[in-house]
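The structure under discussion appears below in the form of structure tokens.
Read the figures in this text as sums done on the coordinates, not as results from a lab. Small disclaimer: the values here were computed from a predicted structure and weren't measured. Every residue, glycine among them, receives a Cβ derived from its backbone with ideal geometry; neighbour counts consider all protein chains shown.
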Amino acid sequence: MLRQHDRQISLDDLDSDDPNIALLHPEVVDGHYRSRDHIPVCTPGLFYIVRRRLLSRQCFRSFLYLVKWLSFLTLLVLILTPLFFSSYRHPPKHYLALEARCRPQASPGCANLYNEKIFISISLYDRGGALAGGRWGDRLLDLIHILGPDNVFLSIYENDGDDAAAAALRRLEERVPCRSKVVFEGAPSLDAFPTVTMPDGTQRVKRIAYLAEVRNRALEALPSSSSAGGDDDDLFDKVLFLNDALFDPLDAAHLLFSTNADPASGRARYLTACALDFFHPLRNYDVYALRDADGNYPGSTMFPFFTGAGRGLSRRDVLAQRDAVRVASCWGGMVAARAAFLQRDARVGDINGSLAGPGPAADFPGAGATGHSVVVDRTATPPLPPGEDLAVEGTPVVRFRHEPGLFYDASECCLFHADMREASSSSSSSSRSAGAAWQLGELAGGVYVNPYVRVAYRWDVFSRLRVARLWERLLVVPGALVNWWDAEPRPNPYRGVRAGAGRYFEEEVWAEGGWRLERREGRPGMFCGVRDMQVVSLERRDEGGGNYMNTRVPPGQKLEFPMMWGELLPEDWKEEYAACSEAQKKAYWDSPWWKPVVKCRH
């Protein structure tokens, strides 16, 4: 029997193969005896270091494993999405039929199967002439070719350009094969535009009033139905509005003739139809004029471009890849509209405010006339008296307009669609009693966005639009997160207001030095409104040619009406304004992007 002191024997003096030692001393490892007294003791610090290193290695291995599988899944999603889940890559068959008629060699009018008469309206800003003298001008001529030169009238209005812009426009005009009217003007005088009175008594021109007038001047060549006198060459089926955006001529033809086509006749059915414009291959641009089918602000600029608020019709239509996405308003750089509501009479009733355009130009070319350019020094267009309605057949002609209120704006393009709906509704009601509702009302269709038709303002963006559709469905979740983070859609207390006699609502207006609620009759397009105001600035233009600045809005509103771009004044703004110098007071309301706002010590 092994005595207790034997535990002190050296490891070298023992027979490591003795089974008694192995049985009596579990400290024997691999045939070697180790005394308990010689087992090293792990201090708490050493134990912590060892455990930390082991855990670090395990975490690092787990991290590498996770990265490996995430990379694999990401690659799998990127491969499978274009194959099975791409967006707006497979248009309806009638789209392919139109393209087949114009390829490989496009004949005149190949896209215009029914020889519809198209009026193309363009308001242009082209310093340097890069648009008219470049790809944009070439594509415009290609569009006229596939529509049929005999079916097209081209109207271009350009102002505030330089000598290079005038020369480029003149060269483009010489190449135009259809009837046309091209107008080039210098820098406009703001004295010709309606103004608003700021709280300090100064007069400003609202940017939307300026844009509405410019767009209306491009429509001046559109004759009224009465002046056409039954001449088919002066009666148009559709009006195509073009911005300074790059486009595919076949896409423009699809917007005109393929959107929401009737299965039986193959004819397009819409009141207005818009393209989508992009400033990035995956992000659309013009959300100022865009409202979903319920009149909500669209929210995120990523696919599917609309929130699920309200009925969520617009979002569902996009996810279903419809070519006619139901909306309340839109623009998107290119718009097709039924000409019937733009060509009734050249004078505008009270639905269109004070920016009424004059009658058709006296030198409007008749059938077979060639194009011509006009350089004019324009004076102010006299407004119609308030309340005067000179529309033919009880329906006022639709033109662009602005909201005249202080610290309240609405896109002229959004208001245009609201007025088109109002004109269509009025015409349908009056025609139904005569049994002819199909002519202008019921089959006039609705307001749609066609996501198959896309434009962009830079060539590098435009060239990647078709590729971006392969993966844009992956943005559904990020877009929803952005909408949640930004609390979209932002509220508009006037969204539910309807136009018409006897329909009243409470409107918050700035009057007599403060905000107050006034009971007013509803008017079209209240869902377009924003609690902002942009004013024209001739001091400088931004990189995109914008000649405007935001304004600062006084606080104290009762209605929840978030701002979009402007800046809210401090609560003590009246005391601050009183402490400003005269020079500072002139710029106190401005919120320009190129310099800080005025702040006065008091």
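Values as computed for the structure displayed
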| item | result |
| --- | --- |
| Estimated distance in nm for a label pair at Ile79 and Lys595, the labels positioned 7 Å out from Cα along Cα-to-Cβ | 5.9 nm |
| Proximal lysines to Lys238, defined as alpha-carbon separation beneath 16 angstrom and excluding residues fewer than eight positions away on the same chain | Lys117 |
| Projected-area mean, segment 504-591, by convex hull of Cα positions, square nanometres | 7.5 nm² |
| Neighbourhood charge, 12 Å Cβ-Cβ cut-off, centred on Glu576 and excluding it, Lys, Arg +1 and Asp, Glu -1 | +2 |
| Length released on extending from Arg89 to Leu70, taking residue separation times 0.36 nm less the Cα-Cα span | 4.1 nm |
| Relative exposure of Phe278, Phe527, judged by other C-beta atoms within 10 Å (fewest first) | Phe527, Phe278 |
| Sites Val467 and Leu96 - FRET efficiency at Förster radius 25 Å, r taken between beta-carbons, to 0.05 | 0.80 |
| Summed residue charge, Cβ within 11 Å of Gly500's Cβ, Lys/Arg positive, Asp/Glu negative | +1 |
| Cβ-based charge dipole, segment 71-216, positive-most Cα from Ala97, Thr202, Tyr157 | Ala97 |
| Summed side-chain charge close to Gly308 - residues other than Gly308 whose Cβ falls under 11 Å, Lys, Arg +1, Asp, Glu -1 | 0 |
| Packing-based exposure ordering (other Cβ within 10 Å, fewest first) of Cys59, Cys414 | Cys59, Cys414 |
| Length added when fully stretched, Tyr114-Ala579, from 0.36 nm per residue minus Cα-Cα | 160.6 nm |
| Ranked list, fewest to most other Cβ atoms within 10 Å of each Cβ, for Thr301, Thr307, Thr74 | Thr74, Thr301, Thr307 |
| Ranked by how many other beta carbons lie within 10 Å on average, peptides 474-480, 292-298 from highest | 292-298, 474-480 |
| FRET efficiency, Asp142 to Leu313 (Cβ-Cβ, R0 25 Å, nearest 0.05) | 0.10 |
| Inter-probe distance in nm under a simple model that places probes 7 Å from Cα toward Cβ, at Tyr457 and Asp191 | 3.2 nm |
